[in-house]
Every structure is written in C-alpha cells, then in structure tokens.
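One structure is given here, and the rest of the page talks about it.
Values quoted throughout were computed directly from the atomic coordinates according to the rules given, and no laboratory measurement underlies them. Owing to the predicted nature of the structure, the values given are computational and were not obtained by experimental measurement. No Cβ is skipped: glycine too gets one built from the backbone with ideal geometry, and neighbour counts run over all protein chains shown.
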Amino acid sequence: MAKTLPKVDVVIVGVGWAGGIIAAELTKQGLNCVGLERGKERKTEDYFMMHDELRYALRYDMMQSLSKETITFRGNERIRALPMRQYGSFLIGEGLGGSGVHWNGQNYRFLPYDFEIRSKTIERYGEKKIPQDMTIQDWGITYDELEPYFDKFEKMAGISGEENPLAGKRSSPYPTPPMKTTPALEKFRKAANKLKLHPYNRPSANLSEPYTNPDGVSRAACQYCAYCERFGCEYGAKADPVVTVIPVAKKTGKFEIRTHSNVRRVLKSGNKATGVMYVDTTTGEEIEQPADIVVLTSYVFNNVRLLLQSGIGRPYDPVTGSGVIGKNYAYQVQKGNATGFFEKEEFNTYAGAGALGMVVDDFNGDNFDHSNLNFIHGGSIAISQTGLRPISNNKVPKGTPTWGKEFKANSIKYANRVLSVGGQGASMPFKHHYLDLDPTYKDEFGDPLIRITYDFEEQDRQLAKFLSDRCVDIMKEMGADKIESMEELGPYDITTYQSTHNTGGIIMGADPSTSAVNNYMQMWDADNIFVVGATAFAHNSGYNPTGTVGAFAYRAAEGILTYRQKGGILA
Amino acid sequence: MADNSKQQEKKESLSRRKFLKSSGIAVGGLAVGGALGSLLPFKEKTTNNPVVKNQQVAENYNLALMYFTREQFKMVEAATERIFPADDNGPGAKDLGVAYFIDHQLSGDWGFNSREYMQPPFFKGEKVQGYQGRLRRREIFDIGLRELQNHSLTKYKKNFVELSEEEQDDILTDFAEDKVNLTTLSPSGFFNMLRSSTLEGVYSDPLYSGNRNMDGWKMRNYPGSQMAYTEVIDKEFTVIPPKSLKDHLGH
C-alpha cells in the first residue's frame, strides 16, 4: 500500500527548464510546489572534472541509464519495434535541471509562420501543397501573442545575440550583445553576404558578458572552453535551470525538490487529477503525492507515456486519425550539410561554445518561395563552433581508409582544417508518425516503454537535399579546397546522433478534437493537468526548440495562476 | 621548450587574473559563483610550485590488467597498433597505452553494458534499429579475439601476434569487411568496436590509461582540458600546450 503525503497546491513532474520555470513563477505568487525529479541533485561545483570527453560525451554520464528505461522504435507499423539498447539519435537527460544542464544554449524563437503553418501555407500555395497524410495544423496561438513570453525567457537567461532580419518582431533587443566572432564564423558571414543572404550571430545562452537577470541572479561570462553539449558548465555561464530559475523558486521557501523520485502514474478521479504516484528509487517505496494541480514537465517521451499509462486523455489512433495523445510526433531533419577541407589554413576549432555560430534564415520557414519545390518549410543553416573534441572528430576526405597509416596521417592533418556548414531542417508531422505504449518491452518497474513509429518522408528527403545544396553554395564561397556533402538522406536511423529535438505527442491547438492541450498547455480533458514542453509542438521548426519551450513555460505558468483563481478551461 | 612553457605559464596566470577581474565572480543577489571559485587556487598552487613540478615521476601502478588474459592483451596491443600505427606524427596505439585503456574499460560499466537496455526478448532487427544482441562487450571481445586468432591460424598457420604487419592488416581487413564467417557475432561489428575504442584510447584524458603523456593530443595540437580560450577564440590558429584533468586537481 502506497504511503500518502499531505496535499500540496501543485506537483511538478520533472525539474528541467519547464519545471524550473513553472516552479519559480508559481512560488513567487505564493503557491506551494513540490518538484519530483527522478535523477540526482546537481550543482555547478559538481562540474570540476567536466572536460572529459570520454565520460560525458561517449559514456553519457549525465544521461538517463537506458538499463532502467528506454524507448522502442520502428520505421513503420509493419515492423516490430525494438528497444533502443544504446544511445544514438538523441539523448535523454535526467537529474536536476534535466537536459537544460547539458544543452548547447542555442536559443531561438520559432517563426511567425510556424504557429499558423496550415493557414499560411494554404494562403500562399493553396491546399494542394499539403500532402494528404501531412497533419500540420495551426497551433492555436500566434507569434505576436507569444512574444512577451519569449522576451521573458530571454531576459531570465540573458540571451546574447543580434537582430535577425528574417525573424519575428522583437519587443526589446537581446539582453546581452552577441558572442565573439571567430575567423571561421567570419568566413561564413562574408560568404553569406556575398550570396546576398542575411547572416547573424546565433542567439546564445552562453553569456557574452556578465549579466544580472530580473530575478537578481548574476552569472559570469562564457570562457569558450568548448565543453557545452553533453556537459554542465563549470562557470554557470551557460543558462541552465540550476543556476537560474531553480534557486529563485527555492528562495521563496515554497519549493520542495525531491530527487530520486520517479513518477509512475497521474492519479485521477473523474475528469480531474488528484495527484501523482511515484517511487522513491533509493528505497523502492511507492508514495502518493496529492495535489490540486498536476504539471507534467518531463521529456517528451515520459509526458506522453505518463498520460497513456494513467488512462488520461484520448489515445491517438493512426488508422482513423482520431484521438490526440501520441499524435504528431516529429523530430528534425539534421543531415543536410557540407564539410569543407582547408589545405592552407588551420582554425582554433578546439575552442568554442555550445551556441557559438553564425546563421542564415533565408531558407527557413516560408522565408523563400516554395512554389516549385516539393516540400514546405525549410531550416536554419549555420556554421557552429562548439569545439571539436578529438575522439569524436576525425573527419578525413573521401577515399581515405577508416583505419591504419593513411587514416592516422589524414585525421591528424585535417584535425584543425575542417569546417562544417549544416542545415537544421524542420520536421512535419504525418498521420502515421506517433507515440504509443509498446506491447512487449518494459521499464524497471514493469511499466510499458513508449514506442516511436517514425521514418523520414519524401518531404524530408527533398528538404535535406535542398539544405545540403545551399550549404555547399556557402562552403564554396568560404573557399574550401575540398567539399563533401550529404547526397541522400536515407531512412531515419536511431543509431547516429542527430538531435535531442523530439517533439509532439500532446499538441496544442484551438480545437479539442484535434489537440490535447489549449494554448496555456492545459489539458482539454482534465482542466487541472498542464503538460508543458516540446510535447505541445504541433510540428517541429527549423530551429533548436528550447527558446520556444521556455516561452511556453512562462505562458503556462500564467495560465496556472489564473486557473488557481478562477478554475475551468482557460482558452 | 622549457622557456616556452614558462612563458605559457606567465601568460596563463595573467589571463586568469584578467578573467577573475572581468567575470564578476563576486556575485550580487543569489550565489551562483560556479566551480571555478575552488578551481583557481588549486591550479595556482601546482603551476607555481617548483617542488611539485620537479618531483620524480612515481611508478605507474595502473599498468596491469583488470580483464584481459596476457594473450588477449598482446593481441589487442598488436591489432590496435595496426589501426593507429606509430609514424612520423608520433607514437601509435601501443606506446599510447591503448590496450591498457581497453582492458580497464572492459572491467567497468562499459564492459558489462550496464547502462544499456539488455532486457529480453532479443530479436534480429533492421540496421536502423541498432544493436540488438545479447552479448556484452567483454563477451564480444572474448569471442572476437578468439576468432581473430582462429582466422590467423587458418589463413597463415600462425598466431595473430606472430604475423607480419601486412598479414595482420589482411586479417583485420577480413573482419572489417565481413569476409570471415562467424555464427556468434558480426566480424565488422567487432572490428568497429576495436576501432572506436582505439580512438578513445588515443584521445581520452590520460586519466584512463591511454593517451600516454598526452601524446595523442600533442600530435594534433589539441590543448586537452583548458579552463578558458577567451584569449585565442577570435584569433588565428594558436598552439597551446595541453593540460589534463589532473592539472585541475592539484597534486
């Protein structure tokens, strides 16, 4: 029999960016919040030995142990889904701060086009432009309505950046100036300008200068140490929940964090949640935490899994297209890129920062004419200087063997002579791409794993090739002696890293029959459950998702406070 | 070289001071000072203390085996040297300690696949679904090395370690290109594991017994674990003598 604890105002499941923001905003207004985090406590001082490529980048020290829980995957419904036994395509974070601790800090706002994608696509190209199985829909909110929340997230995090002429309007400039420009980035800028594109310094959560945010949190400037993605920042220079919103929530005295607490069920009575049941993983004890409001802020897969195994919401049915939980799973089209080998130049590419880069959006969203193209949307194209670590970066020109004398010689010769330009392509949802519970494989508690049914479509192949060609154009202009690029996207492959930008499953919208949550991320079917995160994305854009997740979290916090006073469905 | 490194030290302590000045460590509001508050004094001690610097290098007691038999160890030493041979650039896998690295890795989490999902049922999957075998890495090494030996004996009537470099390359190529018939495991799967762990041993922090003397990093001018690159990030290519994690810990 599970132990039952005293009721609290709000229980938050997963303490990463979304959970941390919700906790800070609600506790400031006097609500008592409990944050349940399945991983361990984290603090900046833990990152003393962080510059360890083997431990963190290759052995995934900060990620969830897959021995306890993973996902299963199949390309389509005719194939048996099998467990992702080892990491590859994406990495699942755990621990205080979640993936917000080991992100790169590349911080974008989705485009105005994204939020009204269906209407705007039809308006410009007609309904025929949208393939029959492509389930894009408007998000039930506009960029202008979201702008104040983007602004709030960026000020909290201290985002460094400069105006992007092809993005949505900003109410205020970036809180801090852009990061330094390196010779490699300068090459990209010059080339892009020459091609009449619109390059800009990538918006960065790695601070360009010391910054104090509106909550009074001060952080040091980035040192370009080159250990961001998969690593925690030993300077606190990279905005992460542990050095920003979590201490703010804690300071109110109203936020209790329980680490090693793995939530297995959302408890309900009728159409309302009554709390959650979790396991204290240090003792194995099952504990019930009653709450007036339940907020799910774990990663995409667990948000969906929790609802499905708690019997909350209408599960998606890929045959009829009805139901909503698990619908519109999307990812990212990451492989359209070009690699340039420079014979006469070496670069300090051992140095860098997670978000250090130069970007163009000329081929993103609907910033270009798609009339004669067999895809919609597009992607950002960027050069990134995140730091080339030596185990994982051994690019050699085609024709070089993968091992032996020649491999060694070339991998050393080109160690500091390789630059890459890459596209980050948007990912459109399709009727047959979805998440549900796996019928066979279980987690450490015996609960079913989440199952991904997903593959690349013609849309993705066309988009990847298009982005790849644009990357080559830029790389040529940058003066590379040898250029290699993606020729063909191929099938979606779970073994090679692409991005941890999984989205959808509990999508947002204006219509309860086609969406799971409203634009405050409140569930249509249970008004005291809010599901906050990239689960709400109705498709994925050509950008990193965190900036938009952050904006959503501030929006949801506002909704929860209103709900606390008035009750009922908000939108 | 000595002069160079002295200069480098001077430059670094200067940039450290500059960094402290510019980064605003004395934070107002909530304390989020970071790990560096405790980091910097440590470093200062080691770099400026000539006694510590000139001490005799203690014997390395880590050069012993945790998993491999002596025969397996010799084979791994020979095979990884073919994957990453000594040349004009510098030492190969053998002198970098790669075989020790792999041995030590196999004795821990990685060797047991203990942070991976190893629950049944096991089915053969599509390539895009990733590894679906029930064998753990230490078992794969046991079987793979035995088969490497068998193949050498069949093809050349000699143990792998007794073959010429060309013959060893030939045997390894057969594995890399799946030209050996094995029922228990994929020959190229084993070869790829050998190859990737060789690169790990060459380039991981010397803490793990490979990359001896940071020579792997030195060959490609990788500076290892530096606290900051603010001074060089926007400059032309700059060679910086490498540092390892040990340099951050003091003594």
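Net charge of the neighbourhood of A:Phe456, taken over other residues with C-beta under 12 Å away and scored Lys/Arg +1, Asp/Glu -1, is -3. Inter-label distance, A:Glu41 to A:Thr402: 4.5 nm, where each label sits 7 Å from its Cα along the C-beta direction. Applying 1/(1 + (r/R0)^6) with R0 = 35 Å to the Cβ-Cβ distance of A:Asn76 and A:Arg124, what FRET efficiency is obtained, to the nearest 0.05? Efficiency for this residue pair is about 0.65. Distant-in-sequence amide contacts of A:Leu449, defined by a placed amide H-H separation under 5 Å and a gap of 5 or more residues or a different chain, comprise A:Asp438, A:Tyr441, A:Lys442, A:Asp443. Sort out for me the Cα centre separation of the stretch A:304-342 from the stretch B:137-187, rounded to whole Å. A separation of 43 Å, based on Cα centres.
With a threshold of 20 Å on the Cα-Cα distance, the over-threshold entries among A:Lys344/A:Lys413; B:Lys94/B:Lys218; B:Lys94/B:Lys157 are B:Lys94/B:Lys157. Sites listed here are GluC sites (Glu not before Pro) in the stretch A:260-296 whose DSSP assignment is loop and whose Cβ has at most 15 other Cβ atoms within 10 Å, and the list is empty.
Per residue of chain A, the DSSP helices (runs of n ≥ 4 H) give a summed -39500 (n - 2.57) that works out to -6500 deg cm²/dmol at 222 nm.
Amide H contacts of B:Val239: none lie under 5 Å away among residues 5 or more positions distant or on a separate chain (H built 1.01 Å from N in the peptide plane; Pro and chain starts excluded). With a 10 Å cut-off around each Cβ of B:234-241, the average count of Cβ atoms from other chains is 5.
Electrostatic tally near A:Ile506: other residues with Cβ closer than 12 Å to its Cβ, Lys and Arg +1, Asp and Glu -1, net +2.
When only alpha carbons are used to place a centre, the stretch A:90-112 and the stretch A:445-493 end up 21 Å from one another.
Residues whose amide H lies under 5 Å from that of A:Ile71, counting only those 5 or more places away or on a different chain, are A:Met84; hydrogens are built 1.01 Å from N in the peptide plane.
Rounded to whole numbers, the Karplus 3J(HN,Hα) couplings from phi for the stretch A:194-207 are 4, 7, 6, 8, 10, x, 8, 5, 4, x, 10, 8, 8, 4 Hz, using 6.51 cos²θ - 1.76 cosθ + 1.60 with θ = phi - 60°, and x at Gly and Pro.
Shape of the protein assembly as shown from the C-alpha gyration tensor: rounded (a/c under 1.5, with a ≥ b ≥ c the square roots of its eigenvalues). Here, P(r) means the percent of Cα pairs in each 10 Å bin from 0 to the largest distance; for the stretch A:427-478 it is 21, 27, 22, 18, 11, 2. Using a simple spin-label model with pseudo-atoms 7 Å out from Cα toward Cβ, B:Glu126 and B:Lys235 lie 5.1 nm apart. With K and R counted +1 and D and E -1, the other residues having a Cβ less than 9 Å from that of A:Ala415 yield a net charge of +3. The distance separating the Cα centre of the stretch A:22-52 from that of the stretch A:154-181 comes to 26 Å.
With viscosity set to 0.692 mPa s at 37 °C, what whole-number translational diffusion coefficient in µm²/s follows for the stretch A:333-450 from Stokes-Einstein and a Kirkwood radius over Cα pairs? Estimated via Stokes-Einstein, D reaches 183 µm²/s.
Here A:His432, A:His539, A:His102, B:His104 are placed in order of increasing Cβ neighbour count within 10 Å, fewest first, which gives A:His432, B:His104, A:His539, A:His102. For chain A, the longest principal axis of the Cα atoms and the long axis of helix A:143-157 meet at an angle of about 80 degrees. Restricting the stretch A:70-165 to trypsin sites (Lys or Arg not before Pro) that sit in a DSSP loop and have at most 16 other Cβ atoms within 10 Å of their own Cβ leaves A:Arg78, A:Arg80. Note that the stretch B:83-210, at 37 °C in a medium of 0.692 mPa s, gets a Stokes-Einstein diffusion coefficient of 206 µm²/s from its Kirkwood radius over C-alpha pairs. Measuring from label point to label point, each 7 Å out along Cα→Cβ, what is the A:Asn374 to B:Ala86 span in nm? According to this spin-label approximation, the distance is 5.6 nm. So for the protein assembly as shown: antiparallel DSSP bridges make up what percent, rounded to the nearest 5? The antiparallel proportion sits near 65 percent. For a Förster distance of 25 Å, can you work out the FRET efficiency between the beta-carbons of B:Met66 and B:Leu185, rounded to the nearest 0.05? For R0 = 25 Å, the calculated efficiency reads 0.65.
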